[in-house]
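The values are calculated or read from the model by the stated rules, or taken from the named source; none is laboratory data. The model shown is predicted, which means the values in this text are computed figures rather than measured ones. Methodologically, a virtual Cβ is constructed for each residue, glycine included, from the backbone with ideal geometry; neighbour enumeration extends over all protein chains shown.
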């Protein structure tokens with residue numbers, strides 16, 4: 001990393017020194033860090049760094065996607081390490097990129113093409129999320145059947161598609 005004046009930045013060196021000092025203090029038990037949960041905060045921090053990069057330079061909307069995914073995954077993994085409920089939260093690994101596409105659409109150039117993968121991933125992730133809850137897994141297939149029947153009835157009411165047309 002270089003500053004605008006061409007000199008190297010001291011920030012990477014300071015970050016490494018800080019991490020090294022914290023690790024040494026933890027090894028000598030001067031501080032007690034719970035590494036089983038702490039590593040998830042590094043993922044959250046990386047996501048935040050991507051977002052800050054976008055916030056400070058709005059032309060870099062490509063930073064939104066990895067930032068959103070890392071923040072989503074960091075939250076999921078942190079909750080898992082604390083409470084051990086990944087069997088319910090795992091669909092958010094599918095929803096994380098969907099959130100990223102939505103954020104890129106809303107905060108970026110409003111490219112409608114971003115909504116296609118966002119909606120597809122949202123549908124897939126939501127189905128799996130609903131499937132994770134035992135009582136809801138019986139409801140969503142019935143909703144799909146009802147929606148399908150309604151589409152068929154609407155198609156039939158509108159003239160039955162191509163079958164009713166004569167050349």
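Cβ-Cβ distances below 7 Å connect no pair with a first residue in the range 32-58 that is closer than 16 Å to residue 100 by Cβ, a second residue that is at pLDDT below 90 and surrounded by fewer than 14 Cβ atoms within 10 Å (Cβ to Cβ), and a separation of six or more residues or different chains. The set of residues in the range 29-58 that are part of a loop (DSSP other than H, G, I, E, B) and over 21 Å from the mean Cα position of the chain (by Cα) comprises 29, 30, 31, 32, 33, 34, 57. Of the residues that make up the range 9-22, is at least one loosely packed, with under 12 Cβ neighbours inside 10 Å and in contact with a strand residue (DSSP E or B) (Cβ under 7 Å, 6 or more places away or on another chain)? Within the range 9-22, one or more residues are loosely packed, with under 12 Cβ neighbours inside 10 Å and in contact with a strand residue (DSSP E or B) (Cβ under 7 Å, 6 or more places away or on another chain).
Note on the range 132-157: among residues that are at pLDDT below 70 and either more than 30 Å from residue 94 (Cβ to Cβ) or outside any helix (DSSP H, G or I) (or both), the one that is nearest to the chain's Cα centre (by Cα) is 134. For the condition surrounded by fewer than 16 Cβ atoms within 10 Å (Cβ to Cβ) and in a helix (DSSP H, G or I), what is the one hit in 64, 94, 120, 76? Answer to the selection: 120.
Matching residues to (1) surrounded by 17 or more Cβ atoms within 10 Å (Cβ to Cβ); (2) out of contact with any helix residue (DSSP H, G or I) (no Cβ under 8 Å at 6 or more places or on another chain):
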residue: 50; (1), (2): yes, no
residue: 55; (1), (2): no, yes
residue: 80; (1), (2): yes, no
residue: 111; (1), (2): no, no
residue: 143; (1), (2): no, yes
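Report yes if residue 88 is surrounded by 13 or more Cβ atoms within 10 Å (Cβ to Cβ) and under 16 Å from the mean Cα position of the chain (by Cα), otherwise no. So residue 88 passes the test.
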